[in-house]
Amino acid sequence: MNTRRLGPLLVQYVILLIGILFALYPLWFIFLASGRVGNRLYSVNLPGMFVPIDWTADNYRTMLFEIPFLQWMKNSLIVAGTTTLACLLICTSAAFAFSRFRFRGREAGLILFLAIQAFPGVLALVPQAQILGALGLYGSRLGLILAYTSFTLVFCTWNLKGYFDTIPIDLEEAGRIDGCGPVQSFLLIALPLARPALAVTAMFGFFSGWGEYPLASVLIPAPDAAKTVPVGMYGLATTQSIPWGLFAAGALMLLVPLMIVFTYLQQFLESGLTLGGVKG
Amino acid sequence: MVGWSGTRKAVTVLAFILPTLLGVILFNIYPMLYNVFISFTNRNQFHPNADCTDTLSSVIEPTCWAFTGAKPPQGLADPFRIISPLLDNYNTLMGNLIKPESLTSLLILVVWFVPVIAALWVDRQQHRKAQRTIPTGAIWLAALVAFVALFYLLKVGQNLQQLTDSGAFFAVVFRTALYVAACIPLFLLVGLTFALILNNEHLPGRTFFRVALILPWGVSTSSIIAALVWQFFFREQGTINQVLQALIISYKPFAFLNNNFWAFFAVTIVNVWMTYPFFMVVILGALQSIPKEQYEAADVDGASWLTKLRHITLPLIRPAIMPAIVLSSITTFQMFGTAWAITRGGPIQGAGKPGATEFVMVYAYKQVFETRAYGRMGAFAVIIFILLFVATLYSLRVTRITKGAYE
């Protein structure tokens, strides 16, 4: 091993280790809670916070077989997946226009997009639900998809615009010499080079559509088979008792598709895409 | 694109932007207008329904739109109407702030910040000159001295107290602003550190670390559980106290959540835990746009990693991460779930006064569910919106992120 690089490498691993402890200990705690008998989220005795004592898989069995958890998971996957696709389709064109074209109202449009985020989103829930109802989308997954996509519109457009700004304009000018119009330079030049930003947008779209509770509970409150996972899970809570064990098991199982999606997308976070395109 | 104009350009630009614009109009602008309308009415638990015979209501209120087949709700109660002193809701919320004492206090606060703004301005002037006449260190030292001096001369502490006592509004907004100012640098620090480390291709196990470190973002989608788990850590019989008791003999359990500072700290830490993966991902994406030759050229000149960070990495990822910072500030300002789950609005500071962690949305939630005063909450939303809008506009000037590729 190259001993000159060992020092910095060791420091990096120590930082990563501290980060892992910070990030994962609460998750480990949830894992312990998901196996605890009696549906208690906490355990007041010290070893029980770190090692599985009396751990059973009962909650997982209940969640998977007796409760329509998998059905809810399927609904959530459809909603989140479609949100991701819609997000990618809609935001990329707008971001490209804001970055490359010069037109009246460009700056005003950008500022508008940013500023409307300043409105407290929670209080916008009721009008949004009412609009979706008026469009006839009450109780349908399409309504949720539309709403979730609109949540991500502003951030994704801005993020992509920022990334497009860093792609040198020379590449598109070179393309224009060969006769590329605006649509072609968007599809053939800018999009392939923006893969890292597209991956971030896809991640953001998926994560936004995945665990959202307030709007989903208003839009799809029943029947059981049509609910998404958060609505279903919190619906398990009755006035007498809250099944923390089931919640903990559900929360951990919710993480699995997220990890799969992220592992797939993070490979696109690669550099060197614009290397060698145009000199200077 | 140069050399194109007229109808063809207009149509193409519109085609690119239209879907996003439509979505924004429908799901962002319409709810805003609706809330503004509600803020001028007296909608609350006694007047819950809309009056569809009134022209304005029949246009804005979706339950009055006949074409959708929705029937206007019937009830025994009076429908809500536009109220007679039009700005009554606003007055109830902010009335105390318009009094002369409060306005002078606000003015004093603004004057207190003048040295900082002056230092920024002078610094930028000097930066533009061919040769600096005043070094950066001297500017900031002078600003610091002036800042501290003014604090005592203008009795800023007293004035702040007076403003906080004048009503819940200022206290809540100020506390939330403090919370945002504490969270954002932490997000950046943690996200930047991890992104820089995980950007290195030669790090074995890179994918594993990336996936592991992103998990808090995933769990925060079921944020209630995560927030409750963290709340348990800070309890008197919670993990932190028990671990410290086991390690230190004479340690007595400390009630973190009953102490103003520690409750605030706890909510901040949990927020950092939930949000740093988002920043890590955005920064990782931005890091990919930096060409490797820049680093190689710096290596040839013998630059240390700190120099490379300051002069290559940070300036080049700036346009890509600034939007994330601005948007994240806005979202953190409006954050509700975490603070509510951990402290329910924080250690109480007195009857009728907001608690130590009662942020803007927690305050709004308490008001709505205690008095169901939708009209007043509409007014609150509009005021917060105006505040954040102005802050955003100012930040756009400072960060210059609206520039396009041609500028």
Is it the case that the range B:170-178 has a residue that's in a helix (DSSP H, G or I), among the polar types (S, T, N, Q), in contact with a helix residue (DSSP H, G or I) (Cβ under 7 Å, 6 or more places away or on another chain) and surrounded by fewer than 14 Cβ atoms within 10 Å (Cβ to Cβ)? no
Looking at A:92, A:83, which is the one that is in contact with a Phe, Trp or Tyr (Cβ under 9 Å, 6 or more places away or on another chain), in a helix (DSSP H, G or I), modelled with pLDDT of 90 or more and within 11 Å of another protein chain (Cβ to nearest Cβ)? A:92
Only one of A:205, A:280, A:245, A:250 is over 16 Å from the mean Cα position of the chain (by Cα) and either surrounded by fewer than 21 Cβ atoms within 10 Å (Cβ to Cβ) or at pLDDT 85 or above (or both); which? A:280
Residue A:219 fails exactly one of the following numbered conditions: (1) at pLDDT 80 or above; (2) out of contact with any Leu (no Cβ under 7 Å at 6 or more places or on another chain); (3) over 20 Å from residue B:218 (Cβ atoms). What is the number of that condition? (2)
Scanning for something of a type in the set (S, T, N, Q), modelled with pLDDT of 85 or more and surrounded by 19 or more Cβ atoms within 10 Å (Cβ to Cβ), does the range B:289-300 turn up at least one residue? no
For residue B:176, the lone unmet condition from (1) among the β-branched types (Val, Ile, Thr); (2) within 30 Å of residue B:97 (Cβ to Cβ); (3) at the interface with chain A (Cβ under 7 Å from one of its Cβ atoms) is (3)
So the check is Cβ under 6 Å with 6+ separation or different chains; which pairs have a first residue in the range A:11-24 that's more than 9 Å from every other protein chain (Cβ to nearest Cβ) and a second one that's outside any helix (DSSP H, G or I)? none
Selected residue [touching a helix residue (DSSP H, G or I) at 6+ places or on another chain (Cβ under 6 Å) and more than 7 Å from every other protein chain (Cβ to nearest Cβ)] from A:141, A:104: A:141
Subset of the range B:242-253 [surrounded by 14 or more Cβ atoms within 10 Å (Cβ to Cβ) and in contact with a helix residue (DSSP H, G or I) (Cβ under 8 Å, 6 or more places away or on another chain)]: B:242, B:243, B:253
Determine whether the range A:150-159 contains at least one residue that is at the interface with chain B (Cβ under 7 Å from one of its Cβ atoms), among the small types (Gly, Ala, Ser), free of Cβ contacts under 8 Å to residues at least 40 places away in the same chain and surrounded by fewer than 18 Cβ atoms within 10 Å (Cβ to Cβ). no
What number goes with the only condition from (1) surrounded by 13 or more Cβ atoms within 10 Å (Cβ to Cβ); (2) more than 14 Å from chain A (Cβ to nearest Cβ) that residue B:158 does not pass? (1)
Near pairs, Cβ below 6 angstrom, 6+ apart or cross-chain, from the range B:314-333 (more than 9 Å from chain A (Cβ to nearest Cβ)) to any residue that is at pLDDT 85 or above and part of a helix (DSSP H, G or I): B:329/B:180; B:329/B:184; B:332/B:180; B:332/B:183
State all residues of the range B:334-360 that are without any contact (Cβ under 8 Å) to a residue 40 or more places away in the chain and among the aliphatic types (A, V, I, L, M); if no residue qualifies, say none. B:348, B:351
Looking at the range A:164-176, is at least one residue assigned to a helix (DSSP H, G or I), among the acidic types (Asp, Glu) and crowded, with 21+ Cβ neighbours inside 10 Å? yes
Test result for residue A:200, at the interface with chain B (Cβ under 8 Å from one of its Cβ atoms) and at pLDDT 85 or above: yes
List, please: which pairs have Cβ atoms under 6 Å, are six or more places apart or on different chains, and start with a residue in the range B:119-135 that is on the phi < 0 side of the Ramachandran plot and end with one that is surrounded by 14 or more Cβ atoms within 10 Å (Cβ to Cβ) and of a type in the set (Gly, Ala, Ser)? B:119/B:143
Check the range A:121-142 and report whether any residue there is assigned to a helix (DSSP H, G or I), at pLDDT 85 or above and buried (at least 21 other Cβ atoms within 10 Å of the Cβ). no
Among the residues in the range A:215-225, are any part of a helix (DSSP H, G or I) and at the interface with another protein chain (Cβ under 10 Å from one of its Cβ atoms)? no
Out of A:196, A:223, A:214, A:168, report the one residue that is more than 24 Å from the chain's Cα centre (by Cα) and touching a residue at least 12 places away in the same chain (Cβ under 8 Å). A:168
Within the bounds of the range B:192-199, is there any residue that is farther than 27 Å from residue A:43 by Cβ and without any contact (Cβ under 8 Å) to a residue 60 or more places away in the chain? yes
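The values are calculated or read from the model by the stated rules, or taken from the named source; none is laboratory data. Because the structure is a prediction, the values reported are computed rather than measured. Using ideal geometry, Cβ is built from the backbone for each residue, glycine included, and neighbour counts are taken over all protein chains shown.
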